[in-house]
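Participant: Dropping the structure in here first, questions after.
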Protein chains: 2
Amino acid sequence: MNKSILKELQRILGKNSLLTSWEDRACSSYDATGQSFLPDAVALPETTAQIAAILRLANEHRFPVIPRGAGSGATGGALPVAGGLVISFARMNRILEIDAANMIAVAEPGVITGELQAAVRKHGLMYPPDPASLKFCSLGGNAAECAGGPSAVKYGVTRDYIIGLEAVLPTGEIIKTGVRTEKGVVGYDLTRLLVGSEGTLAVFTKLILRLLPLPEAKSTFLLTFASLAEATKLVAEILAAGLLPCTLEFMDKTAIAAVRSRLSSPPPEDVAALLLVEFDGTADEVARQAGRFAAFVRQKGNCALRQAADEQETAELWQARRSISPAVLSLRPHKIAEDVVVPRTKIPELVAFLELLAAELNLLILSFGHAGDGNMHVNIMLDKSKAEEARRGLEAKERLFRFVLSLGGTLSGEHGIGITKSAFLPLEIDPPTLCLMRRLKQVFDPNGILNPEKIFP
Amino acid sequence: MNKSILKELQRILGKNSLLTSWEDRACSSYDATGQSFLPDAVALPETTAQIAAILRLANEHRFPVIPRGAGSGATGGALPVAGGLVISFARMNRILEIDAANMIAVAEPGVITGELQAAVRKHGLMYPPDPASLKFCSLGGNAAECAGGPSAVKYGVTRDYIIGLEAVLPTGEIIKTGVRTEKGVVGYDLTRLLVGSEGTLAVFTKLILRLLPLPEAKSTFLLTFASLAEATKLVAEILAAGLLPCTLEFMDKTAIAAVRSRLSSPPPEDVAALLLVEFDGTADEVARQAGRFAAFVRQKGNCALRQAADEQETAELWQARRSISPAVLSLRPHKIAEDVVVPRTKIPELVAFLELLAAELNLLILSFGHAGDGNMHVNIMLDKSKAEEARRGLEAKERLFRFVLSLGGTLSGEHGIGITKSAFLPLEIDPPTLCLMRRLKQVFDPNGILNPEKIFP
């Protein structure tokens, strides 16, 4: 990006909205992968028109543009791997409308997910997607990656709550997709094509979100198991019994160990796995579901069952659950963090495989996550400074992926492909389908300026 | 289509699988719009490979190919408007797999929706989408149009239950999209781009469907109102109160009149509107919800409330509801049938507008449908043999569309655009977005052979 381009960007953005210092660029260089790539500059637009002007300029001069939410992505979606201009949404962070009667919100991409949730809660409403990073991740990033979270087992993922978008194409046109009604089938479903496209097809500038009535009550259970297999087997049985928890989270022994210090009443040391299970709804409904669940577990589950004593303990359990991802780095300096999905009944096979794989490759591998929908976070822990260990880590990753696919699973449930999994994409997507995806990218972005080198191998 | 093409099709399909008689072609010429266009021939393939070979041939010789389910579409999606070859799915009607433990089914497109529902019910499971035509429409057609139905208010529409597809591109390549797990974000979301694309982007050959546990009980209420405005106002209030019915259907006076003869205990003649409301879930849950609902209606609703006496009466109410569409033709020989959607709180404005419009244009206009999600079926009744009345009908349609859009609504909730609404598409979709849709069509179907003249003006 030469001086005349920077000058033109300056003109488009106005004062104090184009950052070029090393410090400012460094702040937009990283994400949760731990990798870092310096952009040439960082733009802080405030309007859709500014973003359209930036993209027209980028398309003309062929410099990369990388949309960036909060940098909490797990696969490198926001990393400026080829340099270029980062578009930060730090100043496009307004909730534009909450239409409580129709249960719809309109927000800019920079709004923090947890802040939207808090704002709609005041109207007795809920925005369900709840990635672990909800206190700092942004709606735009969630939309780009189709983020999930524990509540997905009952409520679905981000794509189920985005019903319309305003977005700018890499060639600068502003498009409006979807509806602000519950239903809509007019023209091609661009909204759902764009959600989960990892910032490679268009830059979102406005999101229209569906909301739900806020459940009035919640009840939380902790199940602890002496056997890993017993824990994972129970997951599919709970759902097959018609019980519909809003949380059905799993942690293995190692994941528990990593967060043990954060719990005032941690489970005993010999616990091999735990399930965190919640029900929500009206107070009546929750009481009844909790009763049915407790009876079911006493009959079927080979485990200890404990109901959270109070809100304080529930908050602590969640705090522990949400901090696993950073906490595991106390075990080893690096990790390969995957979010594979398998059919629910295959979880026992997956965790059995992981035990064998860890033993064979002499690695610490732990798993936790959204067992209710088969979406397991597998962390392969390592010290990358040891070349041989790093090699074994990569071998474990590839063997994990191949095994997951052999079970009828998929490489990612909520993190996307980004740069960390792009080499493995052809394991899951066959050549004609991959070719079609590349041709779609070409239609949106003929010059390949938007978030280059992501998704595709 | 000349003789050498027919001969080649014969070779691809084998014996008794290419129909060319007038009678056979006539049977694939119509749909629920009442319009009819003769195809040149009808293919009855049994395999994906045959469909791929047909499309390669069509792409080479540039003849139109029109996928056809059961011909129950309401906007002309299956009509061979430019002649060519109809691909019938009459012989691709097998349920390939029901994985009850993972709540997934795999089916061919020709499976009748109601038959899939019955098959999964035996496993204690439910496939929610329930268009009025469910006893004869097909899964493939439902997927192409993204069909809805009364249950959408609680369970969503077809797109929410299709998680993966096998499909053939117009150029003959076979693609596989999506997953067979609850979550998945690998590559672009082709599944959801294809669902609702009205048979214009690819020919579906296999569907992977999500299922839910079958609710054990149901409770049905009939609410009758002396005032249309009171009925429509209550709809948004019911949902805002956190009540979540699995049916929240509306019928105005004229819709009731059309099906009155099908009810053994019809509502009084002076009823201006009715709501059909159902709750499902466990027996407990339903009893509790029904109790809350009855109390709510007694407090808020200016109406008579009656619980269906037994299964017999419930079945009769449903029979009446599902037969409105054909039954209204007893009122006038023709109808313009629309399925507009407005934000739920705007339904009272919509029905008030319809009353004025009917009076002003001297037309019989009735409305019924899925009030719970704002999706109203508006039928403009007429006798097309009277040219002046036909003209007024078209004027009413256009004014309806413009009014719906002014309320923040959309032209179609579940029927699609097809040929009946394509001229109006630019009212809803702006030029850059429409241009992008056309370019996507071009990528999939460079020679425009698949279901030509649909959706786009």
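Each reported figure results from applying straightforward, stated rules to the coordinates on display, with no laboratory input. Keep in mind it's a predicted model, so treat the numbers as computed, not measured. Here the Cβ is made from the backbone with ideal geometry for all residues, glycine too, and neighbour counts use every protein chain on show.
Participant: Assume the label is 7 Å from Cα along Cα to beta carbon: what separations in nm does B:Leu329 have to the matching positions in the other copies?
Facilitator: Values, ascending and in nm: 6.8.
Participant: Would you calculate the volume per residue, in Å³, of the smallest convex hull containing every Cα atom of segment B:215-420? Can you show the working numbers first?
Facilitator: Numbers: hull volume 24.2 nm³, N = 206.
Once divided by residue count, the hull of segment B:215-420 is 117 Å³.
Participant: Moving on to the next point. Please report the relative contact order for chain A, taking Cα pairs under 8 Å with a sequence separation of at least 6, and give it as a percent rounded to a whole number. Please list the in-between numbers first.
Facilitator: Working: 940 pairs, mean separation 71.4, N = 457.
Contact order relative to length: 16 percent.
Participant: Right, something else. Rg and Dmax of the protein assembly as shown, Cα atoms, in Å?
Facilitator: When restricted to Cα atoms, the protein assembly as shown yields Rg and Dmax of 27.7, 86 Å.
Participant: Where a Cα-Cα gap under 18 Å defines reach, which lysines qualify for A:Lys454, not counting those fewer than 8 residues away within the same chain?
Facilitator: Within the straight-line cut-off, A:Lys454 pairs with A:Lys421, A:Lys441.
Participant: Then there's this: Which semi-axes, in whole Å and largest first, does the equivalent ellipsoid of segment B:3-88 have when worked out from the alpha carbon gyration tensor as the square roots of 5 times its eigenvalues? Don't jump to the answer; show the numbers that get you there.
Facilitator: On the way: eigenvalues 89, 31, 29 Å².
Computed over segment B:3-88, the values are 21, 12, 12 Å.
Participant: I would also like to ask the following. Put +1 on the Cβ of each Lys and Arg and -1 on the Cβ of each Asp and Glu in the protein assembly as shown; which of B:Asn16, B:Thr220, B:Thr282 then has its Cα farthest toward the positive end of the dipole?
Facilitator: B:Asn16
Participant: Using a cut-off of 13 Å between beta-carbons, work out the net charge of the residues near A:Lys386 (Lys and Arg +1, Asp and Glu -1, A:Lys386 not included).
Facilitator: Values: positive: A:Arg332, A:Lys384, A:Arg391, A:Arg392; negative: A:Asp383, A:Glu388, A:Glu389.
So the surrounding residues net to +1.
Participant: Okay, next question. Based on alpha-carbon atoms only, what is the radius of gyration of chain A relative to the globular estimate 2.2 N^0.38 Å?
Facilitator: On the way: Rg = 22.4 Å, N = 457, 2.2 N^0.38 = 22.6 Å.
Normalised Cα radius of gyration, chain A: 0.99.
Participant: A further question on this structure: B:Ala118 label points, 7 Å along Cα→Cβ, one per copy: pairwise distances from this copy to the rest in nm, shortest first?
Facilitator: Computed spacing set for this position: 5.5 nm.
Participant: Let me confirm one metric for peptide A:432-445, namely the mean number of other chain beta-carbon atoms within 10 Å of its residues' beta-carbons. Present the calculation step by step, with values, prior to reporting the outcome.
Facilitator: Working: counts 8, 11, 3, 3, 13, 6, 2, 4, 8, 1, 2, 5, 4, 0.
Other-chain Cβ atoms within 10 Å of each residue's Cβ, averaged: 5.
Participant: OK, next. Can you list, shortest first in nanometers, how far A:Asn302 lies from the same residue in the other copies, with each label 7 Å from Cα toward Cβ?
Facilitator: Those label-point separations list as 6.4 nm.
Participant: Right, another one. So if I place +1 on the C-beta of Lys and Arg and -1 on the C-beta of Asp and Glu, and nothing else carries charge, what would the dipole magnitude of segment B:129-219 be about its Cα centre? I want it in debye, nearest 20. Please report the intermediate quantities before stating the final value.
Facilitator: Values: 10 positive and 9 negative charges, 43 e Å.
Value, rounded to 20: 200 debye.
Participant: Okay, moving on. Please check which bits of segment B:327-352 a label hung off B:Glu395 would reach, taking the label as a point 7 Å along Cα-to-C-beta and the cut-off as backbone N under 17 Å.
Facilitator: B:336
Participant: Related question: At a Förster distance of 35 Å, what's the computed FRET efficiency of B:Ala118 paired with B:Glu349, Cβ-Cβ distance as r, to 0.05?
Facilitator: Numbers: r = 40 Å, r/R0 = 1.14.
Given R0 = 35 Å and the Cβ-Cβ separation, E is 0.30.
Participant: Give me the extension gain from B:Leu305 to B:Asn447: residue separation times 0.36 nm, minus the current Cα-Cα distance, reported in nm with one decimal.
Facilitator: Values: separation 142, 0.36 × 142 = 51.12 nm, distance 5.71 nm.
Length gained, B:Leu305 through B:Asn447: 45.4 nm.
Participant: Contour minus end-to-end for B:Leu38 and B:Ala272, with contour as 0.36 nm per residue of separation and end-to-end as the Cα-Cα distance?
Facilitator: Numbers: separation 234, 0.36 × 234 = 84.24 nm, distance 4.24 nm.
Additional length available on full extension: 80.0 nm.
Participant: Please give me the summed charge of the neighbours of A:Ala58: other residues whose Cβ is under 14 Å from its Cβ, Lys and Arg +1, Asp and Glu -1.
Facilitator: On the way: positive: A:Arg56, A:Arg62; negative: A:Glu8, A:Asp40, A:Glu60, A:Glu173, A:Asp445.
Residues close to A:Ala58 contribute a combined charge of -3.
Participant: I'd like to know which of A:Ser151, A:Ile112, A:Leu139 lies farthest towards the positive end of the charge dipole of segment A:95-213, counting +1 on Cβ of Lys and Arg and -1 on Cβ of Asp and Glu.
Facilitator: Result: A:Ser151, furthest along the dipole toward the positive end.
Participant: Continuing with the same structure: Neighbour counts of other C-beta atoms within 10 Å: give me B:Val179, A:Val341, A:Val86, A:Val297 arranged from fewest to most. Walk me through the numbers before you get to the answer.
Facilitator: Numbers: B:Val179 24, A:Val341 32, A:Val86 28, A:Val297 21.
Going from least to most buried by this count: A:Val297, B:Val179, A:Val86, A:Val341.
Participant: Please enumerate, by chain and number, the lysines with C-alpha under 16 Å from the C-alpha of B:Lys176, excluding those fewer than 8 residues away in the same chain.
Facilitator: B:Lys206
Participant: Please give the charge dipole size of segment B:215-420, origin at the Cα centre, charges +1 on K and R Cβ atoms and -1 on D and E Cβ atoms. Round to the nearest 20 debye. Can you show the working numbers first?
Facilitator: Values: 23 positive and 27 negative charges, 85 e Å.
Using Cβ point charges on Lys, Arg, Asp and Glu, segment B:215-420 gives about 400 debye.
Participant: Simple spin-label model, 7 Å along Cα-to-Cβ: A:Leu212 to B:Ala82 in nm?
Facilitator: 4.4
Participant: Based on other C-beta atoms within 10 Å, arrange B:Trp22, B:Trp318 from fewest to most.
Facilitator: Working: B:Trp22 9, B:Trp318 19.
The fewest-first ordering by Cβ neighbours comes to B:Trp22, B:Trp318.
Participant: Tell me, in nm to one decimal, what length is gained between B:Glu60 and B:Ser422 on full extension, where the rule is 0.36 nm per residue of separation less the Cα-Cα distance? Walk me through the numbers on the way to the answer.
Facilitator: Numbers: separation 362, 0.36 × 362 = 130.32 nm, distance 2.75 nm.
Separation in residues times 0.36 nm, less the Cα-Cα distance, equals 127.6 nm.
Participant: Rank these for me by crowding, A:Tyr188, A:Tyr30, going from fewest to most other beta carbons within 10 Å. Intermediate values should be presented prior to the final figure.
Facilitator: Working: A:Tyr188 27, A:Tyr30 16.
Placing the least packed residue first, the sequence is A:Tyr30, A:Tyr188.
Participant: Moving to a separate point now. Residues with beta-carbon under 12 Å from that of B:Leu361, excluding B:Leu361: net charge, scoring Lys, Arg +1 and Asp, Glu -1? Working shown, then result.
Facilitator: On the way: positive: B:Arg391, B:Arg392, B:Lys397, B:Arg399; negative: B:Glu355, B:Glu360, B:Glu388, B:Glu389, B:Glu395, B:Glu398.
It works out to a net charge of -2.
Participant: How large is log10 of I(q)/I(0) for segment A:266-316 at q = 0.32 Å⁻¹ when the intensity is taken from the Debye formula with one equal scatterer per alpha-carbon?
Facilitator: -1.31
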